[in-house]
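One structure coming up, written as structure tokens, with questions to follow.
The values are calculated or read from the model by the stated rules, or taken from the named source; none is laboratory data. Quick caveat, the model's predicted, so the values are computed rather than measured. Glycine also receives a Cβ, built like all others from the backbone with ideal geometry; neighbour counts cover every protein chain displayed.
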Amino acid sequence: MKRVRLLRHYGIHPYMVFDGGHLPAKRGTEEERRHRRAENLACANELAAKGKHSQAREYYSKCVDVTPEMAFQLIKVRSQPASFLG
Amino acid sequence: MTSLQALRAEDVPYVVAPYEADAQLAYLERLGIVDGIITEDSDLLVFGCKNVYFKLNDVEGTVTSISRDDFGKMTECSLRGWTDAQFRAMAILSGCDYLQSIPGVGLKTAWTLLRKYRTPENVIRALRLEGKKSVPERYLEAFMITEKVFLYQRVYDPLEEKLVNLTEIPPGEALSQDHEAFIGE
């Protein structure tokens with residue numbers, strides 16, 4: 001939001017665009033990412049078991065998969081229909 | 001507060017792309033709804049965006065502006081006279097999110113090859129004949145599908161409030177069901 005305010009301060013009207021669903025064409029990349037997330041999770045669990053919580057936290061944050069469903073839930077909670085044109 | 005709630009609280013317009021933000025951004029620029037795009041993703045240029053801003057630094061107050069109109073002015077690796085299709089082919093050949101490059105082919109090699117052979121079909125044929133680089137089986141087919149993803153990926157039209165293809169599919173170019181699946185259903 002800091003960036004949004006900065007742009008607005010200089011008279012630029014930001015219009016934000018977010019990623020939606022997975023594109024089948026990107027399957028290769030998605031699989032790689034899934035693999036990386038699994039590795040990070042294993043690493044995080046190992047560190048947590050050793051009591052190294054702050055380090056584990058770093059790895060845990062790297063294994064979070066923001067799914068299209070999460071984005072969809074966020075849209076559903078909006079109080080009024082958002083204007084796409086602003 | 002989630003980021004979307006924060007945007008709503010401050011009346012910032014936004015859209016969640018049906019698939020990828022890249023294609024959606026390209027479409028918004030094409031419709032004239034946005035004048036430029038702030039991003040860290042060079043794929044935006046491959047999607048045909050005209051004014052892209054990279055590395056926005058809000059501490060230093062700097063940004064790197066890349067305009068398609070300036071492509072012809074580059075002294076090294078000149079793109080003077082290159083069509084959008086050739087630029088896209090160069091990007092795909094050198095490896096992108098949807099298709100890995102032929103091992104040993106980077107941006108510079110892709111540029112050199114396209115300069116010499118003009119079309120991706122010719123480039124791939126020449127590489128196979130030359131035999132120095134191992135071109136994966138069915139590479140040309142994969143290349144063609146990738147090109148369609150850059151051209152026709154499904155995006156949201158906020159004016160018509162419906163899903164459309166980033167570029168209208170020309171009547172003569174029917175997509176197979178396989179291709180339809182790749183660009184998003």
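Here is a check on your reading of the model: is B:Ala6 within 9 Å of chain A (Cβ to nearest Cβ), free of Cβ contacts under 8 Å to residues at least 60 places away in the same chain and outside any loop (DSSP other than H, G, I, E, B)? Steps first, please.
On the way: within 9 Å of chain A (Cβ to nearest Cβ): yes; free of Cβ contacts under 8 Å to residues at least 60 places away in the same chain: yes; outside any loop (DSSP other than H, G, I, E, B): yes.
Answer is yes for this residue.
Is there a residue in the range B:41-52 that is over 24 Å from B:Glu141 (Cα atoms), among the charged types (D, E, K, R) and part of a loop (DSSP other than H, G, I, E, B)?
Pass one, the range B:41-52, residues over 24 Å from B:Glu141 (Cα atoms): B:41, B:49-52.
Narrowing further to those that are among the charged types (D, E, K, R): B:41, B:50.
With the extra rule that they be part of a loop (DSSP other than H, G, I, E, B), the set shrinks to B:41, B:50.
Scanning the range B:41-52 turns up at least one residue that is over 24 Å from B:Glu141 (Cα atoms), among the charged types (D, E, K, R) and part of a loop (DSSP other than H, G, I, E, B).
Taking the options B:Thr75, B:Thr83, name whichever one is under 25 Å from B:Gln153 (Cβ atoms) and exposed (fewer than 14 other Cβ atoms within 10 Å of the Cβ). Let's see the steps before the verdict.
Numbers: B:Thr75 fails: under 25 Å from B:Gln153 (Cβ atoms).
Selected residue: B:Thr83, the only one of B:Thr75, B:Thr83 that is under 25 Å from B:Gln153 (Cβ atoms) and exposed (fewer than 14 other Cβ atoms within 10 Å of the Cβ).
Considering each residue of the range B:86-119, count those that are in contact (Cβ under 8 Å) with a residue 40 or more places away in the chain and either more than 14 Å from chain A (Cβ to nearest Cβ) or among the acidic types (Asp, Glu) (or both), and give that number.
Taking the range B:86-119 first, the residues in contact (Cβ under 8 Å) with a residue 40 or more places away in the chain are B:87-89, B:91-93, B:96-99.
Among the residues that remain, those that are also either more than 14 Å from chain A (Cβ to nearest Cβ) or among the acidic types (Asp, Glu) (or both) are: B:87-89, B:91, B:93, B:97.
The qualifying residues number 6.
Looking only at the range A:1-12, how many residues end up being loosely packed, with under 14 Cβ neighbours inside 10 Å, at the interface with chain B (Cβ under 8 Å from one of its Cβ atoms) and not charged (D, E, K, R)?
Counting residues in the range A:1-12 that are loosely packed, with under 14 Cβ neighbours inside 10 Å, at the interface with chain B (Cβ under 8 Å from one of its Cβ atoms) and not charged (D, E, K, R) gives 1.
Considering only the range B:131-154, I want to know if a residue exists there that is surrounded by 13 or more Cβ atoms within 10 Å (Cβ to Cβ), within 12 Å of chain A (Cβ to nearest Cβ), outside any helix (DSSP H, G or I) and within 21 Å of the chain's Cα centre (by Cα).
So far as the range B:131-154 goes, yes, one or more of its residues are surrounded by 13 or more Cβ atoms within 10 Å (Cβ to Cβ), within 12 Å of chain A (Cβ to nearest Cβ), outside any helix (DSSP H, G or I) and within 21 Å of the chain's Cα centre (by Cα).
Which of (1) small (Gly, Ala, Ser); (2) in contact with a Pro (Cβ under 6 Å, 6 or more places away or on another chain); (3) modelled with pLDDT of 90 or more is the odd one out, the single condition B:Ala142 does not satisfy?
(2)
What are the residue pairs meeting all of these: first residue in the range B:129-146, first residue within 16 Å of B:Thr109 (Cα to Cα), second residue among the hydrophobic types (A, V, I, L, M, F, W, C), Cβ atoms under 7 Å, and 6 or more apart or on different chains?
B:Lys133/B:Ile102; B:Lys133/B:Val105; B:Lys133/B:Leu127; B:Val135/B:Ile102; B:Val135/B:Ile124; B:Val135/B:Leu127
Tell me which of these B:Ser42 doesn't satisfy, since it passes every other one: (1) over 14 Å from B:Leu166 (Cβ atoms); (2) within 12 Å of another protein chain (Cβ to nearest Cβ).
All conditions pass for B:Ser42, except number (2).
Specify the residue that is modelled with the highest pLDDT; the eligible residues are those in the range A:11-50 that are of a type in the set (Asp, Glu) and over 30 Å from B:Val52 (Cα atoms). Steps first, please.
First, the residues of the range A:11-50 that are of a type in the set (Asp, Glu): A:19, A:30-32, A:39, A:46.
Then drop every residue that is not over 30 Å from B:Val52 (Cα atoms), which leaves A:39, A:46.
Numbers: A:Glu39: 82, A:Glu46: 87.
Of everything passing the filter in the range A:11-50, A:Glu46 is modelled with the highest pLDDT.
Please verify whether the range B:18-26 includes one or more residues that are surrounded by fewer than 12 Cβ atoms within 10 Å (Cβ to Cβ) and at the interface with chain A (Cβ under 9 Å from one of its Cβ atoms).
no
Is it fair to say B:Phe54 is touching a residue at least 12 places away in the same chain (Cβ under 8 Å), surrounded by fewer than 20 Cβ atoms within 10 Å (Cβ to Cβ) and more than 10 Å from every other protein chain (Cβ to nearest Cβ)? Full working, then the answer.
On the way: touching a residue at least 12 places away in the same chain (Cβ under 8 Å): yes; surrounded by fewer than 20 Cβ atoms within 10 Å (Cβ to Cβ): yes; more than 10 Å from every other protein chain (Cβ to nearest Cβ): yes.
Considered against the rule, which asks whether it is touching a residue at least 12 places away in the same chain (Cβ under 8 Å), surrounded by fewer than 20 Cβ atoms within 10 Å (Cβ to Cβ) and more than 10 Å from every other protein chain (Cβ to nearest Cβ), B:Phe54 comes out as yes.
While we're on this one: Take the residues in the range B:86-125 that are assigned to a helix (DSSP H, G or I), aliphatic (A, V, I, L, M) and within 15 Å of the chain's Cα centre (by Cα); name whichever of them is surrounded by the most Cβ atoms within 10 Å (Cβ to Cβ).
Step one: filter the range B:86-125 for residues assigned to a helix (DSSP H, G or I), giving B:86-93, B:107-117, B:120-125.
If we keep only those that are aliphatic (A, V, I, L, M) as well, we get B:89-93, B:107, B:110, B:113-114, B:123-124.
Those left that are additionally within 15 Å of the chain's Cα centre (by Cα): B:89-93, B:107.
Details: B:Ala89: 24, B:Met90: 24, B:Ala91: 20, B:Ile92: 22, B:Leu93: 26, B:Leu107: 14.
Taking the candidates together, the pick is B:Leu93.
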